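**Q** Dropping a structure here in structure tokens format, bear with me for questions.
Bear in mind that the values in this text are calculations on the coordinates, not laboratory data. Here the structure is a predicted model, which means the values were calculated and not measured. Every residue, glycine as well, gets a Cβ built from its backbone with ideal geometry; the counts of neighbours run over all protein chains shown.
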Amino acid sequence: MSDAGDGASFTNAGDGEEESAGEALDQGDAQYHSEAAPSQDFSNAGQEPEQSAGAALEEGDAQYGADAAPAADFSNAAFTPQSVFTGPLIPTPLQAGLRYNTEVGISVFFKVMIDTIDLGAWAKCSGLGMNLAYDSRHEAGMTFFEHHLPKHLEYSKITLERPLTSDCQAVMSWITAYHMLPVPTSAQITCIDQKGNTITTWEMIGVSPESWRGPTFDAAAGTAVLATEQLSFFHQGFL
């Protein structure tokens, strides 16, 4: 009986040892896991870098917008021809010392005075000019050049033309008076613009009439023909 009891107790003792060994293993695993580094949660790892990158971009944009110059506001700008350019037709000079010539001889008229007689305005004027005559002399000892000796100035005939007006009576009176007493007189031709401003003036001496031509009338022409008159005279030089 004692032997059987001892065997039974031995058997239970073996079971107790097995149970104590299992508990020891469980305690060792728990201690190993407690001493190991804590596990990391990567469930949201893919979202956090994206959010941080977006925040960095927003911060960079905000900093760039603060450093950059403020944008111009064109909401109330009136883009009209008057606001774009309101100055004169000829712009002002861009640099000091430069001056645009506003007295351009375009669309001009010519006012003619013979002494105290006003011949009115004319539309065309030709013959304003001079020519210096020369005599050529060859050098005897040197054959590769020649001398030009000035003689005198030659002035061309002045010709005026305009549509027929009542001022032609003043022209006829001057020519008639010169024929009765042929004394050369002085004259003045003034170039004016459409506003009546003087551009330049030519003064001449020794003026003598050469010819006057009136309009040509033709009733059978069928079309309107502008009636014009033409005056030509000589002069002895400019003053």
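**Q** Per 0.36 nm of contour for each residue apart, how much would the distance between L149 and I175 grow if the chain were fully extended, relative to their Cα-Cα spacing? Present the calculation step by step, with values, prior to reporting the outcome.
**A** Working: separation 26, 0.36 × 26 = 9.36 nm, distance 3.78 nm.
Length gained between L149 and I175: 5.6 nm.
**Q** Loop only by DSSP, 13 or fewer other Cβ within 10 Å of the Cβ. Give me the chymotrypsin sites (Phe, Trp or Tyr not before Pro) in the stretch 138-220 that pass, ordered by residue number. Before the final figure, lay out each step's value.
**A** Details: sites: F144, F145, Y155, W174, Y178, W202, W212, F217; in loops: F144, F145, F217.
Loop-located and lightly packed - F144, F145, F217.
**Q** Shifting gears a bit: May I ask you to evaluate 6.51 cos²θ - 1.76 cosθ + 1.60, the Karplus curve with θ = phi - 60°, for each residue of the stretch 180-190 and list the ³J(HN,Hα) values in order in whole Hz, giving x for glycine and proline?
**A** Values, residue by residue: 6, 9, x, 10, x, 10, 9, 8, 9, 10, 10 Hz.
**Q** Another question, if that's okay. With Cβ to Cβ distances under 10 Å as the rule, what net charge do the other residues near E229 carry (K, R +1; D, E -1)?
**A** On the way: positive: R162, R213; negative: E161, D167.
Around E229, the charge tally is 0.
**Q** Identify all lysines with a Cα-Cα distance to K124 below 29 Å; exclude those on the same chain that are fewer than 8 residues away in sequence.
**A** K111, K157, K195
**Q** Grab the other residues whose beta carbon is less than 13 angstrom from that of E146, score K and R as +1, D and E as -1, and report the net.
**A** Numbers: positive: R137; negative: D135, E139.
Taking every Cβ under 13 Å from that of E146, the sum is -1.
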